[in-house]
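Here's the structure, in C-alpha cells; my notes come after.
The values are calculated or read from the model by the stated rules, or taken from the named source; none is laboratory data. Small disclaimer: the values here were computed from a predicted structure and weren't measured. All Cβ positions, even for glycine, are placed from backbone atoms using ideal geometry, and neighbour counts span all protein chains on display. Accessible surface areas use protein heavy atoms only, side chains included; no ligands, DNA or RNA. Shrake-Rupley method; radii C 1.70, N 1.55, O 1.52, S 1.80 Å.
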Amino acid sequence: MASIKDVAAEAGVSVATVSRVLNDHPSVSADARTRVLAAVQTLGYRPNAVARSLRTDQTHTLGLVISDVLNPYFTELARSVEEEARALGYSVVIGNADERPDLQDHHVRNLLDRRIDGLLVSPTDGGSPLMLDAARGGTPMVFVDRWIPGVDVPVVRADGREAVRDLVAHLHGLGHRRLAIIAGPAATTTGSERVEAFRAAMAEYGLPLPDAYIGQGDFQADSGRRVTEGFLDLPEPPEVVFAADNLMVLGALDAVRARGLRVPDDIALAAFDDIRWFVHTDPPITAIAQPTDELGRAAVRALVDRIEGRPPLSVTLTARLVVRRSCGEPGPTQSPAQSPVRRSTS
C-alpha cells in the first residue's frame, strides 16, 4: 500500500505539502495541489486516518457530518444530537458537507484525525472510498437519515413511504389529478426513495406521472425554483408540486409568486420534511413530518452503544402527513405528533 512519502516522491513535493493538500489547507499552490492529487490517484493512496482512529483510549467526543447546516431539518437534527450526546457525557464536533461529497470526505478525514470516539454521518452519496474504508476498518459509525446500501453500519432513519402514499391519497381526495415532484439527488437514498414512493402511490391511484412532471433537484432552494419554473412553462402545468425537501418547496414558492400566481388557487404545493415555520407561511404548507428530535437522539444512543461495546440497534421511525392549507384543504391545521419506533438489530 502506498504511503504519504510515496505520494510526495511521485508529486515532487514535501510530505508536509501532501498533508496540506489532503487537509485542504489554503496555502498550497494550484500547481502543487494538482500534482499531489494526481499522485494520490495514480498510487491509489488512502490516508491513514482510519488506522489512527483505532485505539483504546477515549476522548468522549463524537463527530457529526450533516448534509446541509442551512437546511432547518438538519439544524434541528444537529441540535438533538448535541443535547443527547451531552446528556451521555460526550461532546460533538460538527462538519457541514453542504451537499458536496468532497466536503463530506474532508470533514470525515479531519474528524478521524481529531481522535473522535465515533462518527455520525448523513451521507451525500454512496461512493466515498474514505467512508467505506472507515466503516470497514472498525471506526464506530452510525448513518442518520441517509445511508449507504450494503455497508454494515447501523442506520437511524424515518420511513416516509407510507406518508407519501397518504399525501397522494389526500391530494386525490381533494380532486387533484396532475401531480408533479421535485426529486432529490438520485445518489442519495432519501432522494431515490421518495421519488419511488411517489411513483408507486401515483400508480396505485391510477394517476399518470409523465416524465415532464418529474424534475431533478438537489435539496437546495435554487433547484426548487428552477424546476418549478419549468413545470409552469409546460403546455399543461401540474395542479400540485410536491417537493422532496423543505428548501426545494421554498424555491417552488418563490417561482410561483414571481409569476404572480397564488397558492393554492393557481397551483398547490406540498413538501417532505416539515419545519416549524411552515405554519407561518401564507398559506401554511402541507408537509410530511419526520420525528427529527427522536432521530438525532436515537442515532447518538446507537453510536454510544457501539463505542461502549453494546450491540447497536438500527432504528426506523415513521414519518407522517401534516395537513395544512397549501393544497386547497378545507379542514383545520394539524400538528405533527410523535411517531412510533420500530427497532431491529443491526
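Laid out as a table, the results:
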quantity	calculated
Matching residues, the range 50-85, being open to solvent by 70 Å² or more (accessible area, probe 1.4 Å), modelled with pLDDT under 95 and either part of a helix (DSSP H, G or I) or under 15 Å from ASP293 (Cα atoms) (or both)	ARG52
Among (1) under 25 Å from VAL121 (Cβ atoms); (2) at pLDDT below 95, the one test that TRP277 misses	(1)
Residue in the range 104-141 that is modelled with the lowest pLDDT, counting only those that are farther than 24 Å from ALA187 by Cα and acidic (Asp, Glu)	ASP113
Verdict on LEU88 being open to solvent by 20 Å² or more (accessible area, probe 1.4 Å) and modelled with pLDDT of 90 or more	yes
The one condition in (1) touching a residue at least 24 places away in the same chain (Cβ under 8 Å); (2) in a helix (DSSP H, G or I); (3) charged (D, E, K, R) that ASP218 fails to fulfil	(2)
ARG225 touching a helix residue (DSSP H, G or I) at 6+ places or on another chain (Cβ under 8 Å), open to solvent by 40 Å² or more (accessible area, probe 1.4 Å) and closer than 19 Å to THR281 by Cβ	yes
Output for the range 146-174, where each listed residue is in contact (Cβ under 8 Å) with a residue 40 or more places away in the chain and not aliphatic (A, V, I, L, M)	ARG146, TRP147, PRO149, ASP152, PRO154, ARG157, ASP159, GLY160, GLU162, ASP166, HIS170
Selection count where residues are open to solvent by 30 Å² or more (accessible area, probe 1.4 Å) and closer than 20 Å to LEU247 by Cα, scope the range 285-305	1
Residues that are touching a residue at least 40 places away in the same chain (Cβ under 8 Å), of a type in the set (A, V, I, L, M) and under 11 Å from VAL108 (Cβ atoms), drawn from the range 131-145	ALA134, MET141
Given (1) within 30 Å of LEU62 (Cβ to Cβ); (2) hydroxyl-bearing (Ser, Thr, Tyr); (3) open to solvent by 50 Å² or more (accessible area, probe 1.4 Å), number of the condition TYR205 does not satisfy	(1)
Meets criteria (under 12 Å from the mean Cα position of the chain (by Cα) and open to solvent by less than 10 Å² (accessible area, probe 1.4 Å)) for VAL108	no
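The rows are residues; the columns are (1) within 33 Å of the chain's Cα centre (by Cα); (2) assigned to a helix (DSSP H, G or I); (3) within 22 Å of LEU111 (Cα to Cα).
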site: LYS5; (1), (2), (3): no, yes, no
site: ALA8; (1), (2), (3): no, yes, no
site: VAL13; (1), (2), (3): no, no, no
site: ALA16; (1), (2), (3): no, yes, yes
site: VAL21; (1), (2), (3): yes, yes, yes
site: HIS25; (1), (2), (3): yes, no, yes
site: ASP31; (1), (2), (3): no, yes, no
site: VAL40; (1), (2), (3): yes, yes, yes
site: ARG46; (1), (2), (3): yes, no, yes
